[in-house]
């Protein structure tokens with residue numbers, strides 16, 4: 001019982017510590033975002049020639065971890081501040097720990113299981129953010145061909161590149177329209193078009209968009225027919241989408257087989273528990289049974305991950 005109390009106190013301390021760190025990260029900046037933006041614009045005007053990479057007008061100062069976390073939240077379209085995100089992770093960890101204690105009871109194994117549940121709860125928000133990022137990237141990739149076609153047509157009609165981006169942003173739905181509007185806004189706030197395009201690529205993290213950005217930057221450096229270049233890039237993206245569709249069709253059976261094999265142990269355990277509860281209760285009430293459950297769950301998740309990696313063919 002003492003061990004359980006110590007573990008519960010440790011879990012509560014961890015949750016409070018995470019929430020405190022989150023609020024400290026949010027309040028340590030000490031200034032509003034508008035004031036930070038103005039300071040960055042002034043710094044950009046003074047040191048734009050000496051700084052490499054993304055221009056200071058497009059940067060947000062902070063620790064590397066905070067910058068990466070804010071960038072991931074922005075990519076995922078999650079409207080949370082840094083301290084709110086950390087508080088959510090801490091609360092999820094505490095909630096999952098409580099669930100672990102409720103499922104098993106008060107014992108040394110319950111404390112260990114609660115810690116495992118807490119780690120799982122703490123890692124669920126980042127997993128959700130990564131899933132949202134991939135969904136946003138997939139949506140943006142699906143819109144790239146249409147965007148390139150519109151920009152190419154606008155260039156052939158005599159518009160400038162920035163005007164072509166503006167027209168495309170007005171006609172295409174999010175998420176690509178949001179990124180184009182950010183690009184235009186950054187150029188209005190002092191960044192060059194090349195720097196704004198590079199910042200958009202770093203912000204989105206899409207391989208297909210990087211192809212477009214590379215083609216645009218090369219064209220602006222050496223000079224060529226940009227409309228023709230964009231048409232060629234659109235054709236390349238179109239072919240990649242077609243090949244991806246063929247690969248997904250060919251690997252659909254294997255992916256379905258992997259999910260069936262992965263879910264089969266859960267179905268078998270549930271079926272045996274319904275038909276003979278006393279026979280299956282040993283699996284949940286003894287130490288060896290609980291260890292076997294954890295081992296089986298870990299092996300099952302590993303098998304699903306390996307199957308997913310095998311069938312995920314990069315194009």
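Each reported figure results from applying straightforward, stated rules to the coordinates on display, with no laboratory input. The structure presented is a predicted model; accordingly, all values stated were derived computationally and were not measured. Reconstructed Cβ throughout: ideal geometry from the backbone, glycine too, with neighbour counts over all protein chains shown.
Can you give the FRET efficiency to the nearest 0.05 for residue 263 and residue 214, using r as the Cβ-Cβ distance and R₀ = 45 Å? Efficiency at R0 = 45 Å is approximately 0.60. Estimated at 0.36 nm per residue, the fully extended path between residue 202 and residue 189 surpasses their Cα-Cα distance by 2.8 nm. Going by the alpha-carbon gyration tensor, a ≥ b ≥ c the square roots of its eigenvalues, is segment 140-238 rounded (a/c under 1.5) or, if a/c is not under 1.5, prolate (a/b greater than b/c) versus oblate? In terms of gyration-tensor shape, rounded. Peptides 259-270, 219-230 ordered by packing proxy, namely the average of other Cβ atoms within 10 Å per residue, highest first: 219-230, 259-270. Approximating the spin labels as points 7 Å out from Cα along Cα→Cβ, the residue 80-to-residue 238 distance works out to 4.1 nm. Per-residue packing, averaged as other Cβ atoms within 10 Å, sorts the ranges 242-251, 137-146 into the order 137-146, 242-251, beginning with the highest. Legend: calculated FRET efficiency, residue 221 to residue 157, from the Cβ-Cβ distance at R0 = 35 Å, rounded to 0.05, equals 0.90.
Starting from the Cα gyration tensor of segment 202-306, take the square roots of the eigenvalues, sort them a ≥ b ≥ c, and report rounded, prolate or oblate (rounded when a/c is under 1.5, otherwise prolate if a/b is larger than b/c, else oblate). Cα axes put segment 202-306 in the prolate bin.
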